[in-house]
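Below is one structure; the comments refer to it alone.
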Amino acid sequence: MVNELVQGILLGCYYALIACGLSFTFGVLRIINLAHGSIAVLGAFVVWTIAEQWNISPFLALVAVAPFMAAAGWVLQRTVLERSLRSGALTPLLSTFGLAIVIDNLLFSKFGADTRSMAPNIGDLAFASWNLPGGVTIGQLALLTAIVAVALLGGLQLFLARTPLGRAIRATAEDPDTAELVGIDSRKVYAAATAISMVTVAIAGTFLALRATFDPYAGSAQLIFAFEAIVIGGTGSLWGTLIGGIVLGVAQNLGSQISPQGFLIGGHLVFFAVLAARFFIAGRSPGSLVRSLRRTSP
Amino acid sequence: MTQAQPIVVQRWNVLSIAAVTSLVALLVALAFGPTYLGPNLTDRITTLFIYVILAAMWNALAGYAGLVSVGQQAFFGLGAYAAIRLSNAGINVYLALALAPLIVGAASFPLSALALRLRGGEFAIGMWVFAELAHLSVNLDGLVQGETGTSLIALSAFAPDVRRACNYWIALALMTALVGLVFVLLRSRTGAAIQAIRDNEEAAASVGVRVFATKRLIFVLAAAGCAAAGSLTLSTLISFQPKTYFSVQWTAYMIFMTLVGGLGTFEGPIIGAVIFFVIETIFGASGVWYLVGLGASALLFSLFLPRGIWGTLTDRFGIHLMPVGYRLRFGSGEPR
Amino acid sequence: MSLLAVEQLDARHGQLQAVRDVSFAIEEGEILALIGANGAGKTTLLRAVAGAHRISGGRILFDGRDVSSARANRRVGLGITLVPEGRRLFAGMTVEENLLVGAASERRGRWNVDTVLDAFSMLRPLMKRRAGDLSGGQQQATAIGRSLMSNPRVLLVDELSLGLSPVAVEQVYESLQAVIASGATIVLVEQDLGRALRVATRVACMLEGRIVLEGRATEVTRESVTEAYFGLKRPSRQGGTP
């Protein structure tokens, strides 16, 4: 039981990692990028290809890929998201959904239906673990994932709080018109935020590929997990995302104790329970969820 | 108050009268379809009717109530599942197929209390999560046997020709009824409320439009409509595999048809369904590139032609085939 | 050459023409008070100059250069900064962060966090507070300070005293004196006629989107301004003068 809890927490840290970029874009641009999961899987495929082709460590491949993902984020913002944002609240959903279909199927046409994993590329790290008293096992890779998740969320939080670009991002998220009036180029800020978000997505995609298998259509599940983590965490700070991810991971692990299908069902049920609790018990007005998520004060 | 030119509120014009007349003629012609279409074409046209239903329902939800859902496959799948369950309980198979959408519609009523509190993207993915949950829950049913699935065995009691014709007529009738319902809804007081909500939700609420009740009405209609499409699909395929029915691809089709035809127009989704039907017939076999094309079209239409083909045409030329709106015209005469 | 010249400017709010054929110029070191009743077009004019409102005709010259099509953030970089109506602080950020964000354009000059705090000493103990938690007067001081951080060559100030208590107005204007003493060039929208005449070197009065009266603050009479303000031929007795 204690072990299940620990495994749930470690799994939850992965969810926080995949949710990080979605939460960040949602907070700054106020849109939910429905292509988020597909882009993570795209990142996984790119890192995998480079690691295989050059026979290098996936972590090294990730470092090589990160700048390109940042550039892709910049392009995504300037070509798709910026235009979508101008034409109303629904358009970003439609355009990013279309983009997700394109990415998924392009990946399928290039890589086929085979499931892949990068676990073989990192040797012992993939399965090595420490046995603690009380039957608790901590996998080295799972712990590394957790450390990266906490470091990334903490780093982003620090970045938002302490750096000029971070302040500009927060100012633009709060009031883009006024941000322009104090000399901030909101278009550049949005593009930078999307670029940062894409780098976190590449990191998350890499860890997805390291800790499990992935295939061209794995994106939608990742999107759903990320979204559930954000909504469950709900408090608005990036740390809320971490808590949400952990709750999701624990719920899934406890669910899997009940039945094999309970893994996913447990997570979805917690998601709906949290939503219902937020709306009916706390009696918060509709829409407050978005507002609370947008507040990224340090 | 004096007015040199009286303003006439107009609903019908020559074009819309002609359009409605030819539509009725088309429906009559379609009603005799199975007698002259041949088995293959009858099946294909049945599929087209199902697409029209799906597109019209998704358009009602997104184009009129402003609710973009990526989870309508939930109702599609539940409609088929409910029919399986009812038939298994000993109810006449065609009655089961007819009751299923009503049950799913009723079940969507309590769900709406939660779902409609979500905004924009939250609603979109929230519905997707619901669809996943519905899928997993159906898999737990011993009758369905997980992803193995089951069949609507009771249907095999009917001869294939009879079945084919029945499916065709039921699909035609349901399509006419559901699209007609949207038409009536748009012309009623609710139609005005819907347009007010679409233009500005807060302003609509402030002048007394019952925003939540109106959205709920459309949400339930769309749920029941998608369930009807699911139950119809089951009646043509007979086999029920949860993965097929609860696939997000159904919603992708709905979005494609609505976006290409014209989001928020009455005629658009019907045109979109026909376009999708033609594209599927020609390119459906090319698999993955066909899907890439669908996704790319949705992306490009949402960015560059957000009113779709039909919406762009009406904006440019002022054509309105179906009398769903009101037009103001300068001139004399009584309001028609 | 004038520092800022507005030529035959038109601006609309949808169907409504809010600014019609407005021309004025301002020299380095001048303080121009724009006065006029509610809805006269003052705020729209100021926002158009700042780049926050699209113009439908005319042009805006800054330092001899046409900036009519430059975006707002570009104009801040050139030296035109607006203190917007209603302050519009970043409520979730601290006072210090609001000031630092104001320096986003990276224009160097005499204004930095230290000199702003010298001018607005009341902000010194508030630096770590959330801007949204401050009083109206404190917020207004922060808003002016935030705009000064971009070292503007022309500072546009909209409705400084709107929604503030008389004491707060007094405080804010006292601080503004320090800014004026530094030789700043300011265009000030102000409802309070008496105060406008005391602070400004020049006055322009708007009525229904046009400038109907313009002159040196020392030369225009209160009667003529009141007349222009209300669009009347005879001076009104009710209000306008405090």
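The values are calculated or read from the model by the stated rules, or taken from the named source; none is laboratory data. From a predicted model like this one, the values you see are computed outputs, not experimental measurements. For neighbour counting, all protein chains shown are included, and Cβ atoms are generated from backbone atoms with ideal geometry for every residue, glycine included. These area figures cover heavy atoms from the full protein model, side chains too; ligands, DNA and RNA do not enter into them. Shrake-Rupley method; radii C 1.70, N 1.55, O 1.52, S 1.80 Å.
Kindly provide the set of residues from the stretch A:252-283 that are facing chain B (nearest Cβ under 9 Å), out of contact with any Gly (no Cβ under 9 Å at 6 or more places or on another chain), more than 21 Å from A:Asn3 (Cβ to Cβ) and open to solvent by 20 Å² or more (accessible area, probe 1.4 Å), ordered by number.
If the condition is that a residue be facing chain B (nearest Cβ under 9 Å), out of contact with any Gly (no Cβ under 9 Å at 6 or more places or on another chain), more than 21 Å from A:Asn3 (Cβ to Cβ) and open to solvent by 20 Å² or more (accessible area, probe 1.4 Å), then A:Ala276, A:Phe280 are the ones that fit.
Residue-by-condition table, conditions (1) in contact with a helix residue (DSSP H, G or I) (Cβ under 8 Å, 6 or more places away or on another chain); (2) crowded, with 24+ Cβ neighbours inside 10 Å; (3) of a type in the set (D, E, K, R):
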| residue | (1), (2), (3) |
| --- | --- |
| C:Gly136 | yes, no, no |
| C:Arg146 | yes, yes, yes |
| C:Met149 | yes, yes, no |
| C:Ala168 | yes, no, no |
| C:Ser175 | yes, no, no |
| C:Ala178 | yes, no, no |
| C:Ile186 | yes, no, no |
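Residue check, A:Ile138 against (1) crowded, with 19+ Cβ neighbours inside 10 Å; (2) more than 29 Å from A:Leu34 (Cβ to Cβ), all met but one. Which one?
Against the list (1) crowded, with 19+ Cβ neighbours inside 10 Å; (2) more than 29 Å from A:Leu34 (Cβ to Cβ), A:Ile138 comes up short only on (1).
Restricting attention to the stretch B:214-246, report how many residues are in contact with a strand residue (DSSP E or B) (Cβ under 7 Å, 6 or more places away or on another chain) and at pLDDT 90 or above.
1
So for the stretch B:109-124 (the condition being out of contact with any Gly (no Cβ under 6 Å at 6 or more places or on another chain) and farther than 30 Å from A:Arg30 by Cα), does at least one residue qualify?
No, the stretch B:109-124 has no match at all.
Restricted to the stretch A:228-251, and to residues that are farther than 19 Å from A:Gly262 by Cα and within 13 Å of another protein chain (Cβ to nearest Cβ), which residue is surrounded by the most Cβ atoms within 10 Å (Cβ to Cβ)?
The selected residue is A:Ile230.
Could you say which residue among B:Pro34, B:Pro39, B:Pro101 is open to solvent by 10 Å² or more (accessible area, probe 1.4 Å) and either under 14 Å from the mean Cα position of the chain (by Cα) or more than 23 Å from B:Thr176 (Cβ to Cβ) (or both)? So that I can check it myself, show each step before the final result.
On the way: B:Pro34 fails: either under 14 Å from the mean Cα position of the chain (by Cα) or more than 23 Å from B:Thr176 (Cβ to Cβ) (or both); B:Pro39 fails: either under 14 Å from the mean Cα position of the chain (by Cα) or more than 23 Å from B:Thr176 (Cβ to Cβ) (or both).
None of the other options fit; the residue is B:Pro101.
Could you tell me which residue of the stretch A:76-102 is most open to solvent (accessible area, probe 1.4 Å), considering only residues that are in contact (Cβ under 8 Å) with a residue 12 or more places away in the chain and more than 8 Å from every other protein chain (Cβ to nearest Cβ)?
A:Arg78
Take C:Gly64 and decide whether it is under 25 Å from C:Met127 (Cβ atoms), at pLDDT below 90 and more than 9 Å from every other protein chain (Cβ to nearest Cβ).
For C:Gly64, the condition - under 25 Å from C:Met127 (Cβ atoms), at pLDDT below 90 and more than 9 Å from every other protein chain (Cβ to nearest Cβ) - is not met.
Could you list all residues from the stretch A:103-126 that are under 16 Å from A:Val47 (Cα atoms), surrounded by fewer than 15 Cβ atoms within 10 Å (Cβ to Cβ) and hydroxyl-bearing (Ser, Thr, Tyr)?
Hit for the stretch A:103-126 is A:Thr115, nothing else.
Taking B:Gly126 as meeting all but one of (1) more than 14 Å from every other protein chain (Cβ to nearest Cβ); (2) in a helix (DSSP H, G or I), write down the number of the exception.
If we test B:Gly126 against (1) more than 14 Å from every other protein chain (Cβ to nearest Cβ); (2) in a helix (DSSP H, G or I), just (1) comes out false.
Considering each residue of the stretch A:165-195, count those that are at the interface with chain C (Cβ under 7 Å from one of its Cβ atoms) and either surrounded by fewer than 16 Cβ atoms within 10 Å (Cβ to Cβ) or under 20 Å from A:Thr96 (Cβ atoms) (or both), and give that number. Before the answer, list the steps.
Keep residues of the stretch A:165-195 that are at the interface with chain C (Cβ under 7 Å from one of its Cβ atoms), which gives A:167-168, A:170-171, A:174-175, A:177-178, A:180-185.
If we keep only those that are either surrounded by fewer than 16 Cβ atoms within 10 Å (Cβ to Cβ) or under 20 Å from A:Thr96 (Cβ atoms) (or both) too, we end up with A:177.
Number satisfying all stated conditions: 1.
Run down A:Leu223, A:Leu242, A:Leu248, A:Leu254 and say which single residue is over 18 Å from B:Leu133 (Cα atoms), among the aliphatic types (A, V, I, L, M) and touching a residue at least 60 places away in the same chain (Cβ under 8 Å). Walk me through how you get there before you give the answer.
On the way: A:Leu223 fails: over 18 Å from B:Leu133 (Cα atoms); A:Leu248 fails: over 18 Å from B:Leu133 (Cα atoms); A:Leu254 fails: over 18 Å from B:Leu133 (Cα atoms).
None of the others qualify; the one that does is A:Leu242.
For the subset of the stretch A:103-121 comprising residues that are among the aliphatic types (A, V, I, L, M) and in a helix (DSSP H, G or I), which member is farthest from the other protein chains (Cβ to nearest Cβ)?
Filtering first and then ranking leaves A:Ala119.
In the stretch B:38-49, what residues are touching a residue at least 40 places away in the same chain (Cβ under 8 Å) and farther than 19 Å from B:Ala273 by Cα? Walk me through how you get there before you give the answer.
Start the filter on the stretch B:38-49 by keeping residues that are touching a residue at least 40 places away in the same chain (Cβ under 8 Å), which leaves B:39, B:42-49.
Result: B:Pro39, single match.
When the stretch B:251-296 is examined, which residues are found to be of a type in the set (A, V, I, L, M), open to solvent by 10 Å² or more (accessible area, probe 1.4 Å), more than 9 Å from chain A (Cβ to nearest Cβ) and in contact (Cβ under 8 Å) with a residue 24 or more places away in the chain?
B:Ile270, B:Ile271, B:Val274, B:Ile275, listed by residue number.
Each row is one residue, and each column tells you yes or no for (1) at pLDDT 80 or above; (2) among the aromatic types (Phe, Trp, Tyr).
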{"residue": "C:Arg202", "(1), (2)": "yes, no"}
{"residue": "C:Met206", "(1), (2)": "yes, no"}
{"residue": "C:Leu213", "(1), (2)": "yes, no"}
{"residue": "C:Phe230", "(1), (2)": "no, yes"}
{"residue": "C:Arg237", "(1), (2)": "no, no"}
{"residue": "C:Pro242", "(1), (2)": "no, no"}
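Out of all the residues in the stretch C:140-159, is one or more small (Gly, Ala, Ser), in contact with a Phe, Trp or Tyr (Cβ under 6 Å, 6 or more places away or on another chain) and within 14 Å of chain A (Cβ to nearest Cβ)?
Yes, the stretch C:140-159 has at least one match.
If B:Thr21 satisfies every condition in (1) among the hydroxyl-bearing types (Ser, Thr, Tyr); (2) surrounded by fewer than 20 Cβ atoms within 10 Å (Cβ to Cβ); (3) touching a Pro at 6+ places or on another chain (Cβ under 9 Å) but one, which is the exception?
Going through (1) among the hydroxyl-bearing types (Ser, Thr, Tyr); (2) surrounded by fewer than 20 Cβ atoms within 10 Å (Cβ to Cβ); (3) touching a Pro at 6+ places or on another chain (Cβ under 9 Å) one by one, B:Thr21 breaks only (3).
Within the bounds of the stretch A:60-68, is there any residue that is within 11 Å of chain B (Cβ to nearest Cβ), surrounded by 17 or more Cβ atoms within 10 Å (Cβ to Cβ), in a helix (DSSP H, G or I) and in contact with a Gly (Cβ under 8 Å, 6 or more places away or on another chain)?
no
Do we have any residue at all in the stretch B:200-208 that's open to solvent by less than 60 Å² (accessible area, probe 1.4 Å), at pLDDT 90 or above, more than 12 Å from the chain's Cα centre (by Cα) and not aliphatic (A, V, I, L, M)?
There is no residue in the stretch B:200-208 that is open to solvent by less than 60 Å² (accessible area, probe 1.4 Å), at pLDDT 90 or above, more than 12 Å from the chain's Cα centre (by Cα) and not aliphatic (A, V, I, L, M).
Per-residue answers, yes or no, for (1) modelled with pLDDT under 90; (2) in contact with a Ser or Thr (Cβ under 9 Å, 6 or more places away or on another chain):
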{"residue": "C:Ala131", "(1), (2)": "no, yes"}
{"residue": "C:Ala143", "(1), (2)": "no, no"}
{"residue": "C:Leu156", "(1), (2)": "no, yes"}
{"residue": "C:Glu159", "(1), (2)": "yes, yes"}
{"residue": "C:Ala168", "(1), (2)": "yes, yes"}
{"residue": "C:Val172", "(1), (2)": "yes, yes"}
{"residue": "C:Ser175", "(1), (2)": "yes, yes"}
{"residue": "C:Val179", "(1), (2)": "yes, no"}
{"residue": "C:Ser182", "(1), (2)": "yes, yes"}
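Open to solvent by 60 Å² or more (accessible area, probe 1.4 Å) and either on the phi > 0 side of the Ramachandran plot or of a type in the set (Gly, Ala, Ser) (or both): does that describe C:Gly163?
yes
Would you mind stating whether A:Leu42 is open to solvent by 10 Å² or more (accessible area, probe 1.4 Å) and within 17 Å of the chain's Cα centre (by Cα)?
Criteria met by A:Leu42.
Return the total of residues in the stretch B:140-184 being open to solvent by less than 30 Å² (accessible area, probe 1.4 Å), aliphatic (A, V, I, L, M) and at pLDDT below 85.
3
What number of residues in the stretch B:129-138 are facing chain A (nearest Cβ under 7 Å) and of a type in the set (A, V, I, L, M, F, W, C)?
3
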